[in-house]
Every structure is written in structure tokens, then in C-alpha cells.
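J.: Let me begin by handing over the structure; questions about it come next.
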Amino acid sequence: MRAIEESEAEAVRAGEQAQKRSRKPYVLKSVSSVDKWPPAPFPFIGTYVPKGWKEVERVMCDSSGFGSPGEPALTLGQLQEYVRGRGVGFAYAIVNAGFFQVAVAVYERT
């Protein structure tokens, strides 16, 4: 089992690297692009919040491919529906990762 502290430290390291490289969250420009997943094209930016964006929500998603509807973490299909429902203009990035799940942040422009 992975310790929470290890996961949080990894998110901080990823955030530092994302800031150095000026990484940006994935911006949904077309709802139909969601049909091309998997994989979801979200970068892992950890704790970094890029300038011009603010986090508005966070969702847990299955990253193993073995998740089922009804579990707390969204399956890929549920994530696709969620993103389609939000519509274009929102951005997404992985902010924390475990063995079988990832936390995906939803951003909007400030």
C-alpha cells in the first residue's frame, strides 16, 4: 500500500516540474474529441496551478481500467460523460496519482 505522504510528495515534485516547464492543463476545445480517448490527454501537473487558471472542482477517476460504475472513482466512460457535460473551455489535469486512481482537477480561466 502506498502512503499518503508519498503520493503528496510526488504531487509536489510534479508541480515543481510542471512550473519549470510551463505546462498547461488540457483544454477541451471540442466535445467530439472526447470520443478519441483512451487515453485521456491530461498532463500530470501536481500542485502547480498555471497562471490564468483556477481550480473549480476535483474528481477521482479509475486509472486501472478495471473500475466499475457505482464505485467512488469515475470509470473512463463516466469521465467522458462528465467532461462532455461540462462542455468546451474547461481544462483538466492530473493533480495526484495512486496505484489505481488519479485525482483530476477541473480548471476555468480567470
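The values are calculated or read from the model by the stated rules, or taken from the named source; none is laboratory data. It should be emphasised that the depicted structure is a prediction, and the values quoted were computed from it without experimental measurement. When we count neighbours, we look across all protein chains shown, and the Cβ atoms used for this are built from the backbone with ideal geometry, even at glycine.
J.: Counting just the residues of region 1-28 that are part of a loop (DSSP other than H, G, I, E, B) and within 13 Å of the chain's Cα centre (by Cα), which one comes out nearest to residue 92 (Cα to Cα)? Spell out how you get there, then give the answer.
T.: Let us first name the residues in region 1-28 that are part of a loop (DSSP other than H, G, I, E, B), namely 1-3, 21-25, 28.
Checking the rest, the ones that are also within 13 Å of the chain's Cα centre (by Cα) come to 24-25, 28.
Numbers: 24: 9, 25: 5, 28: 8 Å.
Restricting to residues being part of a loop (DSSP other than H, G, I, E, B) and within 13 Å of the chain's Cα centre (by Cα), the top hit is 25.
J.: Related question: When only residues in region 11-23 that are surrounded by fewer than 17 Cβ atoms within 10 Å (Cβ to Cβ) and not polar (S, T, N, Q) count, which is modelled with the lowest pLDDT?
T.: By that ranking, first place goes to 12.
J.: Here are some conditions: (1) closer than 18 Å to residue 12 by Cα; (2) surrounded by fewer than 13 Cβ atoms within 10 Å (Cβ to Cβ); (3) modelled with pLDDT under 90. Residue 97 meets all but one. Which one does it not meet?
T.: (2)
J.: Take region 50-92 and flag every residue that is under 20 Å from residue 24 (Cα atoms), of a type in the set (Ser, Thr, Tyr) and free of Cβ contacts under 8 Å to residues at least 60 places away in the same chain.
T.: Within region 50-92, none qualify.
J.: Since residue 42 meets every condition but one in (1) more than 18 Å from residue 8 (Cα to Cα); (2) out of contact with any Pro (no Cβ under 8 Å at 6 or more places or on another chain); (3) of a type outside the set (D, E, K, R), which condition does it not meet?
T.: (2)
J.: Still on this structure, I have one more. Given the residues 31, 49, which is the only one that is at pLDDT 85 or above and over 12 Å from residue 95 (Cα atoms)?
T.: After ruling out the rest, the residue left standing is 31.
J.: Does any residue of region 37-44 turn out to be assigned to a strand (DSSP E or B) and surrounded by 13 or more Cβ atoms within 10 Å (Cβ to Cβ)?
T.: yes
J.: Return the only residue of 87, 65 being under 25 Å from residue 6 (Cβ atoms), surrounded by fewer than 17 Cβ atoms within 10 Å (Cβ to Cβ) and either touching a Leu at 6+ places or on another chain (Cβ under 9 Å) or of a type in the set (Lys, Arg) (or both).
T.: On the way: 87 fails: under 25 Å from residue 6 (Cβ atoms).
When all the criteria are applied, what remains is 65.
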